[in-house]
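Here's the structure, in structure tokens; my notes come after.
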Amino acid sequence: MVRLVLFWFVIINVIGYVVMSEDKNKARKRRDRVPERTLFLLAFMGGSLGVLIAMYRKRHKTRHASFRIGIPLLLLLNMVLYGYFLR
């Protein structure tokens, strides 16, 4: 079970980082964007660390209060849940 949770943690955070980065690239090129709902869903599913890192490394969505507050709160929730499953 621990290996499965760790595998999920790595994969979902890589996906979160890539999707957030790709949204930034699409924003620069004025193309169709990734819905914010999708970004929050990825964060909720355990990828909040990847989304948060991409958010600040790419300087994307950092002006949106919903992201500045919501993603760290989801990270806290993720930490509690990962801690529960990894104990």
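The values are calculated or read from the model by the stated rules, or taken from the named source; none is laboratory data. Worth saying up front: this structure is predicted, and the values here are computed from it rather than measured. A quick note on method: Cβ atoms are made from the backbone with ideal geometry, for glycine too, and the neighbour counts reach across all protein chains shown. All accessible areas refer to the heavy atoms of the entire protein, side chains included, with ligands and DNA or RNA removed. Shrake-Rupley method; radii C 1.70, N 1.55, O 1.52, S 1.80 Å.
Numerical summary
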{"read-out": "Sole exception among (1) in contact with a Lys or Arg (Cβ under 7 Å, 6 or more places away or on another chain); (2) touching a residue at least 24 places away in the same chain (Cβ under 8 Å); (3) not in a helix (DSSP H, G or I) for Arg33, by number", "value": "(2)"}
{"read-out": "Lone qualifier among Leu41, Leu6 - being in contact (Cβ under 8 Å) with a residue 24 or more places away in the chain, surrounded by 12 or more Cβ atoms within 10 Å (Cβ to Cβ) and not β-branched (Val, Ile, Thr)", "value": "Leu6"}
{"read-out": "Positions within region 44-72 being over 21 Å from Val5 (Cβ atoms) and open to solvent by 70 Å² or more (accessible area, probe 1.4 Å), in sequence order", "value": "Tyr56, Arg57, Lys58, Arg59, Arg63, His64, Arg68, Ile69"}
{"read-out": "Subset of region 52-75 that is among the hydroxyl-bearing types (Ser, Thr, Tyr) and within 20 Å of Arg28 (Cα to Cα) - its residue that is nearest to the chain's Cα centre (by Cα)", "value": "Tyr56"}
{"read-out": "Selection from region 49-87 of residues that are of a type in the set (D, E, K, R), over 20 Å from Val34 (Cβ atoms) and at pLDDT 95 or above", "value": "none"}
